[in-house]
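The values are calculated or read from the model by the stated rules, or taken from the named source; none is laboratory data. It should be emphasised that the depicted structure is a prediction, and the values quoted were computed from it without experimental measurement. Reconstructed Cβ throughout: ideal geometry from the backbone, glycine too, with neighbour counts over all protein chains shown. Keep in mind that these areas ignore ligands, DNA and RNA; they rest on the heavy atoms of the full protein, side chains included. Shrake-Rupley method; radii C 1.70, N 1.55, O 1.52, S 1.80 Å.
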Amino acid sequence: MQVLTLPVEWFAVGATRAPYSLVDNTLSDLGAVNCGSVDYSGTAVEVCSPAHALFNVALFVGALLVAVGGVLVRPALHGRRSAGFATAGVVALVLGQLSGAATALVPIDVDLEAHLLVSTPAFVLQPVGLLLIGIAAQRSRWWWGTPMLVVGAVTLLVGSFFAVRLDPAGGGLLERLVLWPAVLILGLAGLGLLRTRTAAAGGRPPGRPAEGRQRTGTV
């Protein structure tokens with residue numbers, strides 16, 4: 001789902017008419033609706049993104065799709081030891097994606113303070129969601145549980161630093177270190193669940209192939 005937004009991001013980067021660095025410029029710069037400068041903590045950053053409409057639509061739709069995906073994955077994490085983590089993780093992930101979707105509705109050059117207010121929670125809530133869902137998936141013996149747990153923990157550290165930093169230098173790199181690994185691990189989890197469902201439809205035991213037995217409602 002979120003993987004679909006990456007080509008749009010690259011297209012917007014190529015179309016920008018202002019100097020743009022993947023290390024220093026954030027994704028928000030690609031959503032700016034006007035050509036000019038944005039004052040980041042006293043540092044003026046030039047923005048000019050002709051593809052801003054396409055980028056903002058992709059950001060909004062991609063975030064909502066991930067939120068829906070989080071809700072859909074919840075039934076697969078129904079073990080006694082995982083249910084609480086799964087529910088909390090899905091709630092955090094959904095709230096994080098709603099924060100991301102709201103970011104597209106308030107471009108950075110239109111209202112900087114409002115943009116930061118709605119966008120900052122995503123960089124903490126999404127990693128927290130991944131971390132908790134990863135714990136739940138690990139306890140439910142899904143193979144992608146441990147990688148998701150690790151991605152959640154690492155991106156939580158990076159995202160927390162990104163949320164409180166004052167210097168805009170390096171912001172683009174920090175932002176992408178939070179968002180890009182999440183795209184990968186959510187895609188892998190989706191493929192894993194799809195394979196399990198396909199196997200179940202074909203009459204093979206779904207769930208934990210390493211154990212060679214059918215999943216149950218408890219662990």
Q) Do we find a residue being more than 19 Å from Gly159 (Cα to Cα), in a helix (DSSP H, G or I) and open to solvent by 30 Å² or more (accessible area, probe 1.4 Å) anywhere in segment 35-48? A) no
Looking across segment 82-133 at residues that are of a type in the set (A, V, I, L, M, F, W, C) and outside any helix (DSSP H, G or I), the single one that is most open to solvent (accessible area, probe 1.4 Å) is Val110
Flagged pairs (Cβ under 6 angstrom, 6 or more apart or on separate chains; first in segment 185-197, open to solvent by less than 20 Å² (accessible area, probe 1.4 Å); second part of a helix (DSSP H, G or I) and at pLDDT 85 or above) are Ile185/Pro147; Ile185/Met148; Ile185/Val151
Given the conditions (1) of a type in the set (Lys, Arg); (2) in contact (Cβ under 8 Å) with a residue 40 or more places away in the chain; (3) under 23 Å from Leu98 (Cβ atoms), every one holds for Arg74 apart from (2)
Taking segment 22-34 and the residues there that are in contact with a Gly (Cβ under 6 Å, 6 or more places away or on another chain) and open to solvent by less than 40 Å² (accessible area, probe 1.4 Å), the one that is nearest to Ser119 (Cα to Cα) would be Thr26
Exactly one of Ala44, Ala67 is within 23 Å of Phe162 (Cα to Cα), in contact with a Ser or Thr (Cβ under 7 Å, 6 or more places away or on another chain) and not aromatic (Phe, Trp, Tyr), and that residue is Ala44
